[in-house]
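To start, the structure itself, in structure tokens.
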Amino acid sequence: MQDARSRVVINAVSPEIECARFRAKRTVGEQLTVTADVFTDGHDHVAAVVRYRPAGTETWHETTMVAVPNVPDRFAGSFEVDRVGRYEYTLRAWVDRFGTWHSDLAKKVAADVDVTVDLLAGAELVEAAVKNATGDSAEELDRIATTLRDESAPLDRRIDVALADDTAELVAANDERRFATDYGRVLELHVDRERARYSTWYELFPRSASPDPDRPGTLRDVIDRLPYVAGLGFDVLYLPPIHPIGEVNRKGPNNAVTAEPGDVGSPWAIGSEDGGHKSVHPDLGTIEDLEALVAEAADHGIEIALDIALQCAPDHPYVREHPEWFKKRPDGTIQYAENPPKKYQDIYPFDFECDAWESLWAELKSIFDFWIGHGIRIFRVDNPHTKSLPFWEWCIEQITAEHPDIIFLSEAFTRRSLMYGLAKRGFTQSYTYFAWRTRKWELEEYFTELTGTEVADYFRPSAWPNTPDILTEFLQYGGRPAYVQRLVLAATLSANYGIYGPAFELMQSEAREPGSEEYLDSEKYEVRHWDLDREDSLAPLIARLNRIRRDNPALHSDRSLLFHRVDNDELLCYSKVSDNGSNVILVVVNVDPHWKQAGWLHLDLAALGLRTDQGYQVHDLLGGARYLWHGPDNYVELDPNVLPAHVFTLRRHERTERDFAYFL
């Protein structure tokens with residue numbers, strides 16, 4: 001119980017998600033910086049620490065909090081997390097009696113006030129610290145107290161010892177913390193592995209991976225495709241559902257309501273006589289083939305991600321064996337999925353409010369457990385926002401408690417509150433609105449929200465310029481420059497990004513009909529065969545950009561993202577800086593896919609680690625050009641038909657006449 005004489009107040013702690021209802025997130029090797037308002041009555045100084053420990057351990061570790069410049073009463077303290085799993089952290093603060101005395105003594109000395117009694121008061125504070133010290137520290141503190149009390153010693157000597165930094169540090173390290181205030185909550189932090197923070201995804205349909213246009217692809221064909229994916233620089237290969245596809249109400253090409261003989265149907269209409277969510281479609285291969293794919297992918301530095309869609313085709317075994325898990329209409333038939341005016345007659349959603357919800361939840365969790373048992377550590381979850389939030393919180397909590405390295409990507413394009421609610425309940429990463437943010441002001445506003453507010457403590461964005469469901473108008477009509485521009489933006493604005501290929505690198509842009517974001521002849525409903533050797537493929541550019549991402553630690557995180565002013569609304573400029581400041585990336589993008597744009601950048605040099613009087617070299621890692629710049633204001637010009645973006649790395653430089661002669 002807190003002592004009533006505890007005078008320090010701790011307020012406005014961050015990160016604290018919904019009054020500690022949910023966990024903040026970090027990845028191994030990152031620091032968690034905790035801030036809070038810490039104050040007391042009167043003019044006394046205060047001291048505070050962040051206390052932290054891996055969950056399940058007894059010993060608390062501490063890091064000192066320091067005052068935030070120019071923000072009254074705001075303190076900050078950081079600690080690094082070095083293991084996957086859960087951490088706990090809280091705060092402790094107290095009146096800094098020695099710090100207050102130390103500050104007042106310095107003022108009195110400066111004002112030539114007699115401090116004889118003050119030195120005796122200081123000796124008492126030092127002696128209180130001796131009680132908490134051991135070994136050499138205790139001996140040194142005892143010597144300091146003796147000196148402060150020694151009226152035979154020169155006054156200047158006593159004052160010097162009292163005001164020495166070493167004295168203050170030694171007392172602070174052994175402060176008695178009299179009447180300390182403990183923050184009323186123990187907060188939780190979930191620490192993921194690095195791939196949760198930095199990942200590069202490639203999506204492909206296994207049935208379209210065959211090199212032979214006369215037969216559909218298999219998982220073995222995907223194994224043969226691995227060198228191509230690795231050559232592009234991707235480290236996650238995501239497969240849409242690989243399960244048996246329903247025969248009842250199967251959709252035909254271009255989402256035709258009636259399928260013809262031989263039509264393959266949608267992989268998201270899961271389940272048939274061949275099995276359900278724990279089976280592999282027999283045309284794709286076997287579970288042993290999937291395990292072989294997982295092992296071979298690992299040899300290429302790639303992880304396999306599986307799509308989990310918690311829904312059933314009408315002929316899924318669940319429908320026959322557990323009709324109680326589905327909602328029935330008044331005529332006795334099972335309710336199929338709808339998003340009016342869209343109808344999905346080939347899909348039955350689960351009823352998370354059914355009377356048999358406990359058995360339903362247990363079975364759905366067991367789907368993840370099954371594939372984890374076969375080597376899968378990353379899941380892309382289809383439309384999680386149409387399923388129960390309490391289910392996701394329970395399911396992910398259970399799974400990550402046993403397997404803390406599992407990554408869940410939320411495919412949710414829905415209301416902000418719902419997207420963020422899924423992230424708070426455990427989803428590791430999430431799709432975003434990036435695909436539809438095309439104007440400069442939209443991108444600045446949205447990514448500032450994602451990376452510069454408390455959202456960044458629990459929501460990890462993954463930027464995708466296209467998906468099998470999303471062919472934006474911008475890509476339909478923007479031509480090659482639009483694809484290049486969106487690629488650069490996705491790969492540099494977000495540390496996690498992905499593309500749906502080969503549709504992206506081959507710039508498939510024809511919609512099913514005007515006003516639609518559906519692809520014509522979509523792979524969702526038919527097998528496609530792609531010419532990966534096309535001369536106009538974006539594959540070389542994608543490989544170069546992913547190599548830039550890999551080689552520059554500044555692009556491995558979102559927390560340093562900063563937008564810089566440009567005097568042209570068609571030019572977007574932003575930077576990222578690595579944790580140690582040694583790697584600086586500056587990106588300039590022409591967001592107009594049709595016309596050349598030029599303008600002046602106005603850079604925040606301090607944020608880039610540059611002095612105003614310092615020259616610096618910028619090297620365009622995409623185009624290869626090098627420039628010597630000086631000061632914050634520099635001119636750029638970008639032609640989208642040549643290359644719509646610069647991805648600069650900065651090197652600090654002192655200009656010389658020789659440099660000018662070389663570059664001019």
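The values are calculated or read from the model by the stated rules, or taken from the named source; none is laboratory data. The shown structure was predicted, so the numbers you read here are calculated from the model rather than taken from an experiment. Positions of Cβ are generated from backbone atoms using ideal geometry, with glycine treated the same way; all protein chains shown enter the neighbour counts. Keep in mind that these areas ignore ligands, DNA and RNA; they rest on the heavy atoms of the full protein, side chains included. Shrake-Rupley method; radii C 1.70, N 1.55, O 1.52, S 1.80 Å.
Data overview
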{"quantity": "Odd one out for Gly262, checked against (1) under 33 Å from the mean Cα position of the chain (by Cα); (2) open to solvent by 50 Å² or more (accessible area, probe 1.4 Å)", "calculated": "(1)"}
{"quantity": "Residue match in the stretch 98-107 (condition: under 27 Å from the mean Cα position of the chain (by Cα) and over 18 Å from Asp160 (Cβ atoms))", "calculated": "no"}
{"quantity": "Pair list, Cβ under 9 Å, 6 or more apart: the stretch 572-587 residue within 8 Å of Pro553 (Cβ to Cβ), other residue at pLDDT 95 or above and among the polar types (S, T, N, Q)", "calculated": "Ser578/Asn552; Ser578/Ser557; Ser578/Ser560; Asp579/Gln31; Asp579/Ser557; Asp579/Ser560; Asn583/Asn552; Asn583/Thr649"}
{"quantity": "In the stretch 235-259, the residues that are touching a residue at least 40 places away in the same chain (Cβ under 8 Å), open to solvent by 10 Å² or more (accessible area, probe 1.4 Å) and among the small types (Gly, Ala, Ser)", "calculated": "Ala256"}
{"quantity": "Pick from the stretch 208-234, criterion touching a His at 6+ places or on another chain (Cβ under 8 Å) and open to solvent by less than 50 Å² (accessible area, probe 1.4 Å), ranking: nearest to Ala295 (Cα to Cα)", "calculated": "Leu226"}
{"quantity": "Filter result (aromatic (Phe, Trp, Tyr), in contact (Cβ under 8 Å) with a residue 60 or more places away in the chain and open to solvent by less than 10 Å² (accessible area, probe 1.4 Å)) within the stretch 363-400", "calculated": "Phe368, Trp371, Phe379"}
{"quantity": "The stretch 235-276, residues that are part of a loop (DSSP other than H, G, I, E, B) and among the small types (Gly, Ala, Ser)", "calculated": "Gly246, Ala259, Gly262, Gly265, Ser266, Ala269, Gly271, Gly276"}
{"quantity": "Residue, farthest from the chain's Cα centre (by Cα), within the stretch 429-441, restricted to residues that are assigned to a helix (DSSP H, G or I) and surrounded by 15 or more Cβ atoms within 10 Å (Cβ to Cβ)", "calculated": "Lys440"}
{"quantity": "Boolean, Gly479 is part of a strand (DSSP E or B) and either open to solvent by less than 10 Å² (accessible area, probe 1.4 Å) or at pLDDT 95 or above (or both)", "calculated": "no"}
{"quantity": "Criterion violated by Cys19 - all others in (1) touching a residue at least 60 places away in the same chain (Cβ under 8 Å); (2) open to solvent by 20 Å² or more (accessible area, probe 1.4 Å); (3) within 21 Å of Lys424 (Cα to Cα); (4) in contact with a strand residue (DSSP E or B) (Cβ under 9 Å, 6 or more places away or on another chain) satisfied", "calculated": "(4)"}
{"quantity": "Selected residue (only one of Ala129, Ala55 is open to solvent by less than 40 Å² (accessible area, probe 1.4 Å) and of a type outside the set (Lys, Arg))", "calculated": "Ala129"}
{"quantity": "Of all residues in the stretch 290-333 being at pLDDT 95 or above, among the charged types (D, E, K, R) and surrounded by fewer than 18 Cβ atoms within 10 Å (Cβ to Cβ), the one that is nearest to the chain's Cα centre (by Cα)", "calculated": "Asp299"}
{"quantity": "Strands (runs of 3 or more DSSP E) completely within the stretch 1-101 that count 3 or more residues being among the aliphatic types (A, V, I, L, M)", "calculated": "9-14, 31-39, 46-54, 85-95"}
{"quantity": "Within the stretch 151-207, tally of residues that are charged (D, E, K, R) and more than 30 Å from Asn11 (Cα to Cα)", "calculated": "11"}
{"quantity": "From Ser14, Ser6, Ser78, residue being open to solvent by less than 50 Å² (accessible area, probe 1.4 Å), of a type in the set (Ser, Thr, Tyr) and over 30 Å from Asp558 (Cα atoms)", "calculated": "Ser6"}
{"quantity": "Among the residues listed as Glu321, Glu338, Glu260, the single one being out of contact with any strand residue (DSSP E or B) (no Cβ under 9 Å at 6 or more places or on another chain) and acidic (Asp, Glu)", "calculated": "Glu321"}
{"quantity": "Test for His594: is it within 25 Å of Val636 (Cβ to Cβ), more than 20 Å from the chain's Cα centre (by Cα) and not small (Gly, Ala, Ser)", "calculated": "yes"}
{"quantity": "Residues located in the stretch 132-150, provided they are surrounded by fewer than 19 Cβ atoms within 10 Å (Cβ to Cβ) and either in contact with a strand residue (DSSP E or B) (Cβ under 9 Å, 6 or more places away or on another chain) or under 20 Å from Asp104 (Cα atoms) (or both)", "calculated": "Thr147, Arg149"}
{"quantity": "Filter result (within 24 Å of the chain's Cα centre (by Cα) and touching a residue at least 60 places away in the same chain (Cβ under 8 Å)) within the stretch 531-552", "calculated": "Ile542, Ala543, Arg544, Leu545, Asn546, Arg547, Ile548, Arg549, Arg550, Asn552"}
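Each row is one residue, and each column tells you yes or no for (1) buried (at least 19 other Cβ atoms within 10 Å of the Cβ); (2) at pLDDT 95 or above; (3) more than 22 Å from Gly233 (Cα to Cα).
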position	(1), (2), (3)
Asp521	no, yes, yes
Leu532	no, yes, no
Ser537	no, yes, no
Leu545	yes, yes, no
Asp558	yes, yes, no
Trp600	no, yes, yes
Gly615	no, no, yes
Val618	yes, yes, yes
